[in-house]
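Working notes for the structure below.
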Amino acid sequence: MIVYKSPREIETMREAGRVARLALDAARAMVKPGVSTLDIDAEVERVIRAHGATPEFKGYHGYPASSCISVNEQVVHGIPSGRRLKEGDIVGIDVGARLKGYVGDNAATICVGKVTAEARRLVETTRECLEAAVEMCVPGKKLSDVGRAVQSLAEARGFTLVREYSGHGIGTRMHEDPSVPNYVDAATLKRDLVFREGLCIAIEPMLNAGAADVRTLDDDWTVVTQDGSLSAHWEDTIAITKDGPMVLTRV
Ligand code: MF3
Ligand code: CO
């Protein structure tokens, strides 16, 4: 069931999204060689709570931290640990905040110092996929237009798309209907949806440099590429309004 939001609710979601963005920005600012992912997570939690919000991920299906931090071949849902970042890594940071009953969800992949040209191209392409998808968030466009925007750009650049995980509707719960796939196929076209005002979704492309296949580590959370190739992930929370896309996770 899709829950459409009123302009008032969207304003509240923007407040939640702003906190998620501030926490993500604080995390990004910490990224440098030698910093542990647990240090970054502590700062994420501090910033979220400093704004009177709560970290939405903590305790979500038993998840133990306030952020997901996924390094190199880790796709999503990496658990913060004592692991220290090093020059050449790419690090995905995913943050969710709940404020006044609504959730904002966003992620970015950051280069640690100097990375290979291929790694940078993967990170930049994934960000561009997100941007292209956001442009589709206008009344009258369809869910499949989001998937097509992501898939066509990713594949044109020679990257593959993770299919096991998708974006999602978002509101009073982090994961609401509809699911927002990053690709189109017969099944997604069959349950396609025409966008209308008040729909709020999190779009989150995940691109691999190698094969698309992923698996989950023994910690039951960390998703990695099966072939060990690099992966990147970007995410924003967006409201579809009569004036077009409103990115809620923006300061
Ligand atoms: N942004 C992710 C998502 O939308 C993060 C959820 S991680 C969890 O699924 F720990 F909260 F589960
Ligand atoms: Co999400």
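Summary table
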quantity	calculated
Global form of the chain, assessed from the alpha-carbon gyration tensor, a/c cut-off 1.5	oblate
Helix runs (DSSP H) in the chain reaching 30 Å along axis by Cα, Kyte-Doolittle at least -0.5	7-30
With every protein chain in place, the chain: carbon and sulfur % of accessible area (1.4 Å)	51
Positive-end residue of His61, Tyr4, Phe159, charge dipole of the chain with Cβ unit charges	Tyr4
Within the chain, helix-based [θ] at 222 nm, where runs of 4 or more DSSP H residues each add -39,500 (n - 2.57), nearest 500	-10000 deg cm²/dmol
Trypsin sites (Lys or Arg not before Pro) restricted to the stretch 178-245 and DSSP loop, no more than 15 other C-beta within 10 Å	Arg191, Arg196, Lys242
Check: the chain dipole with +1 on Lys, Arg Cβ and -1 on Asp, Glu Cβ, in debye	560
Relative contact order (%) - criterion: Cα under 8 Å, at least six apart; region: the stretch 1-153	22
Among Gly198, Thr37, Val184 the positive-end extreme of the charge dipole of the stretch 7-247 (Cβ point charges)	Gly198
Gyration tensor verdict on the stretch 38-154 (Cα atoms; rounded if a/c is under 1.5, prolate if a/b is larger than b/c, oblate otherwise)	oblate
Accessible surface of Met30 - all protein chains present, 1.4 Å probe, nearest 10 Å²	50
Heavy-atom accessible area per residue - the chain, 1.4 Å, Å²	42
Restricting the stretch 116-212 to GluC sites (Glu not before Pro) in coil, as DSSP defines it, with at most 15 other Cβ within 10 Å	Glu135, Glu164
Sorted peptide list for 107-116, 56-65, criterion being average Cβ within 10 angstrom, highest first	107-116, 56-65
The stretch 7-34-the stretch 40-104 distance, computed between alpha-carbon centres (Å)	11
Förster-model FRET efficiency, 30 Å R0, Arg83 and Arg196, C-beta, rounded to 0.05	0.10
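The values are calculated or read from the model by the stated rules, or taken from the named source; none is laboratory data. Computed from a predicted structure; not experimentally measured. Neighbour counts are summed over all protein chains in view; Cβ atoms, including those assigned to glycine, are modelled from backbone coordinates with ideal geometry. Surface areas here come from the heavy atoms of the whole protein model, side chains and all, with no ligands, DNA or RNA. Shrake-Rupley method; radii C 1.70, N 1.55, O 1.52, S 1.80 Å.
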